[in-house]
1. Failed condition for residue 106, given (1) polar (S, T, N, Q); (2) in contact with a strand residue (DSSP E or B) (Cβ under 6 Å, 6 or more places away or on another chain); (3) at pLDDT 80 or above, with all others met?
2. Taking into account only those residues within segment 441-493 that are modelled with pLDDT under 90 and among the aromatic types (Phe, Trp, Tyr), which is nearest to residue 425 (Cα to Cα)?
3. Quick check on residue 91: is it under 30 Å from residue 362 (Cβ atoms) and either of a type in the set (A, V, I, L, M, F, W, C) or without any contact (Cβ under 8 Å) to a residue 60 or more places away in the chain (or both)?
4. If I ask for residues that are among the acidic types (Asp, Glu) and not in a loop (DSSP other than H, G, I, E, B), which ones from segment 367-405 would you list?
5. Given the condition in contact (Cβ under 8 Å) with a residue 40 or more places away in the chain, surrounded by 12 or more Cβ atoms within 10 Å (Cβ to Cβ), in contact with a Leu (Cβ under 7 Å, 6 or more places away or on another chain) and of a type in the set (Gly, Ala, Ser), answer yes or no: does some residue in segment 278-287 qualify?
6. Against the conditions (1) surrounded by fewer than 17 Cβ atoms within 10 Å (Cβ to Cβ); (2) in contact (Cβ under 8 Å) with a residue 40 or more places away in the chain, where does residue 377 fall short? Just the number, please.
7. Looking at segment 143-157, is at least one residue touching a strand residue (DSSP E or B) at 6+ places or on another chain (Cβ under 8 Å), modelled with pLDDT of 75 or more, closer than 30 Å to residue 241 by Cα and not hydroxyl-bearing (Ser, Thr, Tyr)?
8. Out of the residues in segment 413-462 meeting the condition of being closer than 28 Å to residue 372 by Cβ and of a type in the set (S, T, N, Q), tell me which one is surrounded by the most Cβ atoms within 10 Å (Cβ to Cβ).
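The values are calculated or read from the model by the stated rules, or taken from the named source; none is laboratory data. Keep in mind the model is a prediction, meaning the values are calculated, not measured. In this analysis, Cβ positions are derived from the backbone assuming ideal geometry, glycine residues included, and neighbour counts consider all displayed protein chains.
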Amino acid sequence: MRIPTKYLPLLIGVALAAGVFVGSKLNFNDTTEKIFATNSKKDKLNRLIDYIDYEYVDQVNTDSIVDVTVNGILENLDPHSVYIPVDQYEENADDMRGNFTGIGISFYVYKDSISVIRAIAGGPASKVGIRGGDRILYADGKQMFGDSLVRDSISRYLKGDVNSKVNLKVFRKGEPELLDFKVRRKRVPIVSVDASYKITNDIGYIKLNRFSESSYDEFEEALEDLKDEGMKTLILDLRNNPGGYISTAERIIDEFLEDDKLVLITRNKTGEETQTYATRRGDFEKGKLYVLINENSASASEIVAGALQDNDKGTIVGRRSFGKGLVQREMSLGDGSAVRLTIARYYTPTGRSIQKPYGEGNDAYYNDYEKRYKNGELQHADSIHVADSLRYVTPKGKIVYGGGGIIPDIFVPKDTSVENETIQYVARSGFMNYFIFEYLENHRTMFNGIPFESFASSYEVDDALSEEFIEYAKLSEAKIDLSTYSEALKKALKANIAQQLYGPNAYEFVLNEGDPMLEKVLQLENPVEQVTPEE
């Protein structure tokens, strides 16, 4: 093909420009291979994996090598930049979405079959009549019992696409034949609001366990219900809440702060700053507020506590929070895995960072609780060491500090007789749940027809059940001796019975009886008149 003469100057110019651009990128001391590598660091890793794949003497799972490499890289960054492998991604995604697609049951693989602990209220299984104690034996004709039963196959048959159906055959004690249920799979919430109820006529209580996509809607519904019941004062319990989405935290904060109040400041590596403000009329701007935090309240929980404290809204009660002031973004790695990478730091409205140091490595970072325990700060507020250089002042003149967590306005020491780590671990552990499930297998009928109010006020765990669990715990893999924790253990057993019979709200209600932080709030709301002793 002959190129017309009039186009030659244009083509020559384009070619020269391209040559200058490419030449400017070349290092003429490099080999040809290196000159044309798109990124020598990436190329090095890719070649190493290829060499192992094709040349190494033994068969090696290079996927696992890649996982180890990614984890090794992230461990050199900060404690919150983490890798999510392919096999964990869906579970993590469900957790942060706040829902999953399924039939809506909690269950155990009990002996050799799927035993329903409880059908989630309002979920598909509950609506068709499946209930605690039922055994699911077949799903769409597939046998779901026997020695070959594995949890992965359970999820595969009980989960599925939204609005798809599954035919279940269920064994129920006392029924002569198997029961047939046709269940339409739906989006089932992973509950964020563990509990929502009134403590007194005027005081409401909401416990939030995470900040997922669905948490705000759950919180808003709980708040509206309590307001409709006459609540004037709210206790928002963020203890042991590890955080979640910043956007969810911001929406919850907006319920309490007036328009244009500063909520949060974030700053990235270039120094670019983003400020977030309250934007609309909140549902509880005029109400009285207490926020409960402890050493395990982190991230989005600290954003909520910090924003409210810095805007002089409400009272923060408890102990110094965890101290996480870093922001992560989830990024796909293209193979079904992902990385949550720290992209910014956040600051409370007064400008304080609450991120604790992490230069001594991840182990020291996550074992900070032990350090706090030893220096006495879990028992005494004056053992919390603060630097005067990190001193900030709120609009109303309150002194607050940065540098490692939110320090509460009202300190409540850790009461080890109530907040014992061993009992807390056991109360929320699988083997206590399993023990109670086995107990209810033989005693479920004794609770039939009993409303929760009667159960909460009248039912007491007897010594026989407590001692039976103590022996059970000694024989379990944990091998824990609980013989010195009698009263706390009985409360934990009662709470687990309540959970399996009545749901998570009931569980928290039982555990909250006599809770030191709640007792402190009640004292603040209804101070006992101080009487001066006579001389």
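1. Here residue 106 meets the rest and fails (3).
2. Once the filter is applied, the top-ranked residue is 485.
3. On the way: under 30 Å from residue 362 (Cβ atoms): yes; either of a type in the set (A, V, I, L, M, F, W, C) or without any contact (Cβ under 8 Å) to a residue 60 or more places away in the chain (or both): yes.
It is true that residue 91 is under 30 Å from residue 362 (Cβ atoms) and either of a type in the set (A, V, I, L, M, F, W, C) or without any contact (Cβ under 8 Å) to a residue 60 or more places away in the chain (or both).
4. Of the residues in segment 367-405, the ones among the acidic types (Asp, Glu) are 368, 370, 377, 382, 388.
Hits for segment 367-405 are 368, 370, 382, 388.
5. Step one: list which residues in segment 278-287 are in contact (Cβ under 8 Å) with a residue 40 or more places away in the chain, which gives 283-284, 287.
Right, trim to surrounded by 12 or more Cβ atoms within 10 Å (Cβ to Cβ) and you get 283-284, 287.
If we keep only those that are in contact with a Leu (Cβ under 7 Å, 6 or more places away or on another chain) as well, we get 283-284, 287.
From what is left, the residues that are of a type in the set (Gly, Ala, Ser) are 287.
Yes, because at least one residue in segment 278-287 is in contact (Cβ under 8 Å) with a residue 40 or more places away in the chain, surrounded by 12 or more Cβ atoms within 10 Å (Cβ to Cβ), in contact with a Leu (Cβ under 7 Å, 6 or more places away or on another chain) and of a type in the set (Gly, Ala, Ser).
6. Going through the list (1) surrounded by fewer than 17 Cβ atoms within 10 Å (Cβ to Cβ); (2) in contact (Cβ under 8 Å) with a residue 40 or more places away in the chain, residue 377 breaks only (1).
7. No, segment 143-157 contains no residue that is touching a strand residue (DSSP E or B) at 6+ places or on another chain (Cβ under 8 Å), modelled with pLDDT of 75 or more, closer than 30 Å to residue 241 by Cα and not hydroxyl-bearing (Ser, Thr, Tyr).
8. 420
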